[in-house]
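The values are calculated or read from the model by the stated rules, or taken from the named source; none is laboratory data. Since the model is a prediction, treat every value here as computed from it, not as a measurement. Glycine gets a Cβ as well: all are built from the backbone with ideal geometry, and neighbour counts include every protein chain shown.
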Amino acid sequence: MTSLRGIPGTTAIPCRYRDFVITTFQALAVVALALLPGGLYTWAFERQAGAWGIGLSDRLLRLVGWSAIFHVLAAPLSYELYRQYIYSGRLRSAEALPPWIWLVSLLYVAIPIAVGWLVGDATRARKPWSQLITGPSPAPRAWDHLFSIRDLEGWVRIRLKSGGWLIGAYARADAYRIRSYAAGYPEQQDLFLADTAECDGTTGEFYVDADGNPMLRGVAMLLRWDEVAYLEFIEA
């Protein structure tokens, strides 16, 4: 192949591919770091309250919004770090960083996780101040609104679409070998009840013993929502 350098009137054009790759990688790294606080907050919140993003767009807006809030709050420190270590050229010259810089990196990750956990936990506990952040109706369905309540216990009286009645105990693990559980959004609604009680199959009334207590069957039950025509929750 003939080199362009040997042809009069031509100019060699240097390849900028390497510079383009570096610039692109740096841009992606900046975007990832910018969105990391919101992503960590959303992850921690949903671990406590459930995956309550209505969809990908809603979750993305929450992620970007919280990232913006965290960066606004940290703006003075971010600017000082930029001025001291990037604009001054100290980072480019590979100078040793002081130990407290690693603490800043740790806080960059730990604070969004802690805030997300706190807000998610307060949402499950129905604390009034949490509504200032999540809004008055954070749960996407009435099902999630009920079964996301922390330490919820009671009786679930169910009328099946087939016409029969069932009564089950929605209880914690300290009362039974395994706790009751209700699937949350966005999964299909199903319900696991740790125990069931004897009841009248046509009226749904409890059968009670001589002391007036429900007669437990010692049998757990797994139920799909599409089998249910009517559900009544009786708090214990």
Regarding residue 185, is this residue under 18 Å from the mean Cα position of the chain (by Cα), in the same structural domain as residue 217 (by TED's automatic domain parsing) and under 24 Å from residue 48 (Cβ atoms)? yes
Given the criterion assigned by TED's automatic domain parsing to the domain that holds residue 206 and not charged (D, E, K, R), identify the matching residue among 155, 117, 100. 155
Of these, 140, 112, 186, which one is part of a helix (DSSP H, G or I), touching a Gly at 6+ places or on another chain (Cβ under 9 Å) and not aromatic (Phe, Trp, Tyr)? 112
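One line per residue, one yes/no per condition, for (1) within 29 Å of residue 56 (Cα to Cα); (2) in contact with a helix residue (DSSP H, G or I) (Cβ under 9 Å, 6 or more places away or on another chain); (3) in a loop (DSSP other than H, G, I, E, B); (4) of a type in the set (S, T, N, Q):
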residue	(1), (2), (3), (4)
132	yes, no, no, no
163	no, no, yes, no
167	no, no, no, no
230	no, no, no, no
The condition of being more than 18 Å from residue 236 (Cβ to Cβ) and hydroxyl-bearing (Ser, Thr, Tyr) holds, among 185, 207, 170, 181, only for 185
Give all pairs with beta carbons closer than 8 Å in which a residue from segment 72-97 that is in the same structural domain as residue 30 (by TED's automatic domain parsing) meets a residue that is polar (S, T, N, Q); count only pairs at least 6 apart in sequence or on separate chains. 90/84
Where residues in segment 184-219 are closer than 19 Å to residue 151 by Cα and in contact with a Leu (Cβ under 6 Å, 6 or more places away or on another chain), which of them is surrounded by the most Cβ atoms within 10 Å (Cβ to Cβ)? 191
Inspect segment 84-102 for any residue being aliphatic (A, V, I, L, M), part of a helix (DSSP H, G or I), loosely packed, with under 12 Cβ neighbours inside 10 Å and at pLDDT 90 or above and give the result as yes or no. no
